[in-house]
Ligand SMILES: *Cc1c(COP(=O)(O)O)cnc(C)c1O
């Protein structure tokens with residue numbers, strides 16, 4: 001494919017701007033002006049359309065192919081949700097909050113408030129803030145709330161406990177708030193080692209951060225007991241709810257004993273995840289943490305109007321400039337109201353069924369280190385294939401050639417040669433069957449001709465990369481630099 005710079009012809013243009021009808025601005029001081037014209041391509045509209053359409057076809061997306069990336073919920077998001085977000089595009093975040101009820105911002109405030117209320121209902125929490133802009137941002141907000149709670153009570157706390165299967169952002173967020181991390185290993189049954197957990201729990205522990213189901217896709221049957229043990233030490237329970245697909249409408253973390261939760265709206269609720277954003281990581285809390293929530297908060301008055309309360313005293317302050325990433329929030333609200341209560345229950349049932357189907361159809365050809373009913377994702381190991389020299393990364397490359405985005409590989413870290421598959425609820429049995437057939441083909445090829453993997457992928461614009469070099473010596477310039 002020829003890139004737009006290569007198609008550039010001096011003097012060719014795609015737009016004709018109307019003559020200016022406003023007074024000319026004073027000239028920029030000479031020191032601030034560029035010495036040479038910018039090296040921009042000169043191209044027609046058609047050249048530009050072909051350029052961007054060509055690039056988009058090199059991009060892999062859920063809209064083109066199956067994308068079973070574990071721990072990431074790459075499910076299909078209905079296009080109507082984009083329409084919903086667009087409805088709010090005309091509203092600037094600085095739209096004035098006019099006196100009670102008469103404001104242009106009623107609709108926006110109402111959406112943020114009602115979304116928070118719906119998420120509180122889904123998670124069993126008392127109140128939700130929509131301010132955080134990503135999952136990790138939500139985690140940090142949640143841990144700051146926990147720190148504020150302990151400080152207000154005069155508790156001397158030093159540690160945050162995380163299982164070794166946790167997402168890397170969990171220990172990172174707790175560290176950024178100033179806590180030291182205690183890591184608890186995973187027991188052979190696939191959940192946090194309960195005995196080790198009991199040993200590390202002291203009155204110096206501020207919080208326990210859990211993902212449930214964990215990154216092995218397993219639901220911890222001792223979760224209630226873990227909450228009780230933590231609470232005995234006045235430690236708060238933090239639920240990493242980045243991926244809620246497995247428990248929607250089935251389990252409410254607030255009912256189990258969790259005190260804080262963050263959600264990734266850009267995984268579970270209507271916005272695709274990846275590519276660096278935009279995201280939204282609302283945080284839900286139980287009553288005892290409400291006084292510390294980011295402030296000001298959006299409130300609903302008795303007459304049904306929405307407003308913003310006065311800045312609260314004990315609040316941790318704002319965690320973002322406004323009330324969150326509004327377009328993502330609008331999509332989440334549209335998704336929740338469209339799908340409804342019964343629909344959300346179906347989402348989790350189908351997501352879990354799909355993952356178990358894939359697990360059962362592949363476990364005779366790939367090692368399954370934790371062989372139990374899984375939730376929304378299942379984790380295999382390529383250990384058997386490694387014996388003939390084929391690694392998880394090779395299987396990933398094979399899948400690329402066959403039109404699939406590879407599953408997550410080498411995560412979670414506690415599984416050697418991990419292959420983590422999350423099919424999501426939006427894929428049909430036919431798609432899963434076709435994927436399973438290709439995964440089985442990879443396992444057969446690993447036995448019959450392991451050397452064949454070395455040159456894969458063969459069908460992509462770039463072939464096998466030196467991944468270490470690509471990560472360490474990044475060069476993303478188009479012109480050789
Ligand atoms: C994706 C994810 C996060 C982090 O979310 P970001 O929006 O990428 O910051 C945290 N925990 C888990 C389990 C995740 O899957």
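A short reminder: the numbers here are calculations on the coordinates, not readings from a lab. Everything numeric here is computed off the predicted structure, so don't read it as measured data. Note that each Cβ is placed from the backbone with ideal geometry, even for glycine, and that neighbours are counted across all protein chains shown.
Shown for 378, 227, 305: other C-beta atoms within 10 Å of each C-beta, ranked fewest to most, produce the order 305, 227, 378. Sorting 8, 103 from the fewest to the most surrounding beta carbons within 10 angstrom yields 8, 103.
Globularity index of the stretch 79-338 is 1.01 (Cα radius of gyration / 2.2 N^0.38 Å, N = number of residues).
If both residues of a DSSP beta bridge must be in the chain, then about 55% of such bridges are antiparallel. Each listed q (0.12, 0.28 Å⁻¹) maps to a log10 I(q)/I(0) for the stretch 431-481, found by the Debye formula over equal Cα scatterers with no solvent: -0.47, -1.09.
Every helix of 4 or more DSSP H residues in the chain counts as -39500 (n - 2.57), and over all residues that averages to -11000 deg cm²/dmol at 222 nm. On the beta carbon distance between residue 388 and residue 86, with R0 = 30 Å, the FRET formula returns roughly 0.05. Estimated at 0.36 nm per residue, the fully extended path between residue 431 and residue 180 surpasses their Cα-Cα distance by 85.9 nm. With the convex hull constructed from alpha-carbon coordinates only, the stretch 111-249 shows a mean projected area of 8.4 nm² over all directions.
Sorted largest first, the principal axis extents computed over the alpha-carbon atoms of the stretch 1-92 equal 53, 40, 27 Å. For the pair residue 464 and residue 100, a Förster radius of 60 Å applied to the C-beta separation gives a FRET efficiency near 0.40, rounded to the nearest 0.05. By the Kirkwood approach, averaging reciprocal distances over each pair of separate Cα atoms, the stretch 4-57 gets a hydrodynamic radius of 14.0 Å. In plain terms, the residue of 374, 108 with the fewest other Cβ atoms within 10 Å comes first and the most crowded comes last, giving 108, 374.
Taking 0.36 nm per residue of sequence separation and removing the Cα-Cα distance, the residue 444/residue 48 pair yields an extension gain of 138.1 nm. Reported to the nearest whole Å, the Cα centre-to-centre distance from the stretch 222-283 to the stretch 1-43 is 49. Give the distance, in whole Å, between the Cα centre of the stretch 338-371 and the Cα centre of the stretch 113-149. Distance between centres, Cα-based: 27 Å.
The ellipsoid that matches the Cα gyration tensor of the chain has semi-axes, each √(5λ) in whole angstrom, of 38, 37, 22, with the longest given first. With Cα atoms defining each centre, the stretch 158-205 and the stretch 394-416 are spaced 28 Å apart in the structure.
Alpha-carbon geometry of the stretch 275-365: the Rg and the Dmax are 19.3, 62 Å, given in that order.
A Förster radius of 35 Å combined with the Cβ-Cβ distance from residue 222 to residue 452 puts the calculated FRET efficiency at roughly 0.20. With only the Cα atoms considered, the stretch 332-438 has a convex hull volume of 118 Å³ per residue.
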